[in-house]
Amino acid sequence: MIAGHRGAASLAPENTLAGFKKALQSGVKWIELDTQLSADNTPIIFHDETVDRCTNGNSRVADLSLEQLQALDAGSWFSKEFSGERILTLEQTLAFFMENDLNMNLEIKIHHAHQVQPLVEKVAKVLAKINFPNEKLIISSFSESALEHCHQVMPDIRLGYITKHNPLPMLEKLKSVNLYSVHLDYKILNQKMAKEIIQAGLKLVIWTLNDLQQASKFRAWGVDMIITDKPDVFAQA
């Protein structure tokens, strides 16, 4: 399976409606994206701790209200074509995914430990409100405590552990959250590691692979999902 990274990060500004539409047009059925809280505790779709790189603003996401965040231009940094693109709420994004029969790999983006509980609980409320199908969702995070809290408040949701390091020492600890998948930086994956992850009964996801020539190797190792900035290239292969 192919998943568009933050939508289609090579084609449109990341984590925006334009990016999700580009991924959809590419033919993929999975999209990876990030959520964190605004200052007034609304889950929004954004990756960085600050808005500086991907908008015309200059502040921490956590210091801006939803109204302030949605007043920013989240597209012009990528190209003039996307001028006026706005930061989305999780609720708006879930509605778009449901309308278009898309699957979501939602990363719980934790920049500081105190963010875990409020973010997870707000995400759980929005998912329940929208009634997003569990079978079309994986919630993932680098944060072990976020995964633990997700399991407590959303025990039926599939959970993925994201890491840049060998995940094998962590798998025993994460048994308590009934882990579904491991999401690895493709650069650290080797065939032995892949085999051990699969033998542990886990799905194997890699990010962010943009070289199509390497895809067949990873598929041969048993990788279940490839997250890429170039869903248009990978989906047609």
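The values are calculated or read from the model by the stated rules, or taken from the named source; none is laboratory data. Keep in mind it's a predicted model, so treat the numbers as computed, not measured. Cβ atoms come from the backbone with ideal geometry, glycine included; neighbour counts cover every protein chain shown.
With respect to residue 34, is the statement that it is assigned to a strand (DSSP E or B) and either of a type in the set (Asp, Glu) or under 12 Å from the mean Cα position of the chain (by Cα) (or both) true? When the stated conditions are applied, residue 34 passes them.
Taking the stated definitions as given, is residue 123 more than 27 Å from residue 235 (Cβ to Cβ) and either buried (at least 21 other Cβ atoms within 10 Å of the Cβ) or among the aromatic types (Phe, Trp, Tyr) (or both)? Even if it seems obvious, please write down each step before you answer.
Numbers: more than 27 Å from residue 235 (Cβ to Cβ): yes; either buried (at least 21 other Cβ atoms within 10 Å of the Cβ) or among the aromatic types (Phe, Trp, Tyr) (or both): yes.
Yes: the conditions hold for residue 123.
Residue check: residue 54 meets all listed conditions (1) of a type in the set (A, V, I, L, M, F, W, C); (2) farther than 18 Å from residue 8 by Cα; (3) in a loop (DSSP other than H, G, I, E, B) but one, namely (2). Residues in segment 188-214 that are closer than 17 Å to residue 9 by Cβ and not in a loop (DSSP other than H, G, I, E, B): 4 in all. The residue pairs whose first member lies in segment 212-237 and is farther than 21 Å from residue 197 by Cα, whose second member is modelled with pLDDT under 95, and whose beta carbons are closer than 6 Å, counting only pairs six or more residues apart or on different chains, are 212/237.
Residue under question is residue 159, and the condition is that it be in contact (Cβ under 8 Å) with a residue 60 or more places away in the chain and within 26 Å of residue 41 (Cβ to Cβ); does it hold? Spell out the reasoning first.
Working: in contact (Cβ under 8 Å) with a residue 60 or more places away in the chain: no; within 26 Å of residue 41 (Cβ to Cβ): yes.
In short, no.
The test for being assigned to a loop (DSSP other than H, G, I, E, B), modelled with pLDDT of 95 or more and either surrounded by 16 or more Cβ atoms within 10 Å (Cβ to Cβ) or in contact with an Asp or Glu (Cβ under 6 Å, 6 or more places away or on another chain) (or both) holds for residue 78.
Per-residue answers, yes or no, for (1) touching a Lys or Arg at 6+ places or on another chain (Cβ under 9 Å); (2) farther than 20 Å from residue 129 by Cβ; (3) free of Cβ contacts under 8 Å to residues at least 12 places away in the same chain:
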{"residue": "12", "(1), (2), (3)": "yes, yes, no"}
{"residue": "18", "(1), (2), (3)": "no, yes, no"}
{"residue": "35", "(1), (2), (3)": "yes, no, no"}
{"residue": "51", "(1), (2), (3)": "yes, yes, no"}
{"residue": "58", "(1), (2), (3)": "no, yes, yes"}
{"residue": "77", "(1), (2), (3)": "yes, yes, no"}
{"residue": "80", "(1), (2), (3)": "no, yes, yes"}
{"residue": "104", "(1), (2), (3)": "yes, no, no"}
